[in-house]
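The values are calculated or read from the model by the stated rules, or taken from the named source; none is laboratory data. Note that this is a predicted model, so its numbers are computed, not measured. For accessibility, only protein heavy atoms count, side chains too; no ligands or nucleic acids. Shrake-Rupley method; radii C 1.70, N 1.55, O 1.52, S 1.80 Å.
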Amino acid sequence: MLSRFVYLSMAAGVACLLGCSERGPAPVVEPEAVVVRELSGFPSSTSLMLGEFQAQVKPLISIPVTAPSDGDILFHVEQTRQILPKGTLWAEAAPEQIAGEELALELNTRNEKLRLESELQLAERELERVEFMMADPALRDLPYEDRVPLSTNIVQQLQGELDLLKKQLESCGVVERLAFRQKALRSRIEMPFDGELLISLPVTPKRKMIRVAANTPVGTMRDISEIYLHIIIRDPQTVAIPTDQLMVEFKRDSGDVLRGRFHDTQIVEMGNQDVLVYRFGFAPEKSAELTALIGANLTCDLWVEAGQAFHSVSKLEVARMLGGNDSFADWREVVEELWPGATLLFTGRTHLGIVAKGAAE
């Protein structure tokens, strides 16, 4: 019984092998034909996201203040962050040293004036004596100080010395006082505009005098009347877009979306090279929100809002229509290949902005 079962099993295996050997080669599956969609089949739009950019919120003006020298800083404020009007004196560098230098200057100036006044009196008496001798014929030919006769220009020489002493007396201490005033002004730190003051040191109502080293950060004065978002632009295609068509938006953690329009450009030196920066402004009612973001590094979306409608075409859809052909130079070449005569207006992060032939004219 067992031998019969083995026989039948072997026969079935042979029959299977014979049947399989008689089948032909496996059929070749033809690749699915790629269909190029007409541009009219893609949605029309006037805006396109160009990409994500790292950005920073900055005030109109920001002035960092550092200690001019080693010494004490006397603060006239009690809070580390506050709004102050223009001209407010909020700190003084080395006030005791400045006061001591002012006293020393006054004493030195006084002593110098006393010395010059004494010399001036002697010069005046000497001139009077010489003029008296010149007026007396019996004394005119006498030598002056055993050196030269009075008949020479002794009077003119003495008058010149007298005039010089008078000028020295008038200008005594003027240069030194001007230099001191400049130093004193540098030690007095005032707000150059209405704005926000941020103190970098631990100032409290009970601690207003703090000793620091030279170049220690003291604080920052910021003009927050205008606040801008700064974006570094390096892509030539973005530079070619009219700036009045650009806008940015970024989403707060609260869900609020802030949108800004292009304001102007700046050239900023970074890493020993000049870079192009676009600044975007916001509505005045957003100032409070933006002030809290000053100095923060943000990720924002840069959008173009064109003055004409175009077709927004997904880059993935374009790649699918290429049918695996990825040997193209750029997106402009792809657009010309898929839709002859069409014009690529914008290259966004995920979509292309394309107008059909004749629409861009």
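Leaving out ligands, DNA and RNA, what percent of the accessible area of the range 267-361 is carbon and sulfur, probe 1.4 Å? Intermediate values should be presented prior to the final figure.
Numbers: 2510 of 5120 Å².
Answer for the range 267-361: carbon and sulfur cover 49 percent of the accessible area.
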Next item on the list: Apply the Karplus parameterisation 6.51 cos²θ - 1.76 cosθ + 1.60, with θ equal to phi minus 60°, to every residue of the range 330-340 and state each ³J(HN,Hα) to the nearest whole Hz, in sequence, with x for glycine and proline.
Entry: 7, 5, 4, 5, 5, 4, 5, 6, 7, 10, x
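Work out how much length Ala329 to Ile267 would gain on full extension: take 0.36 nm times their residue separation and subtract the Cα-Cα distance, in nm to one decimal.
Here the segment from Ala329 to Ile267 would lengthen by 19.2 nm.
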Notebook entry, point to check: Using θ = phi - 60° and the Karplus form 6.51 cos²θ - 1.76 cosθ + 1.60, what ³J(HN,Hα) does each residue of the range 98-115 get, whole Hz, x for Gly and Pro?
Noted result: 4, 5, x, 5, 5, 5, 5, 5, 5, 5, 5, 5, 5, 4, 5, 5, 4, 5
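Can you send over the carbon and sulfur percentage of the accessible area for the range 158-232, probe radius 1.4 Å, protein chains only? Intermediate values should be presented prior to the final figure.
Working: 2340 of 4250 Å².
Exposed carbon and sulfur together represent 55 percent of the surface.
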Next item on the list: Would you pull out the residues with amide H under 5 Å of Ile61's amide H, same chain only if 5 or more places away, H placed 1.01 Å from N?
Entry: Asp223
Item checked: Per residue, in Å², the accessible surface of the range 219-361 once ligands and nucleic acids are set aside, probe 1.4 Å -> 53
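Do any of Lys183/Lys208; Lys113/Lys166; Lys251/Lys315 go past 19 Å between their Cα atoms, and which? Don't skip to the end; give the middle numbers.
Numbers: Lys183/Lys208 21 Å; Lys113/Lys166 10 Å; Lys251/Lys315 25 Å.
In this structure, Lys183/Lys208; Lys251/Lys315 exceed 19 Å between Cα atoms.
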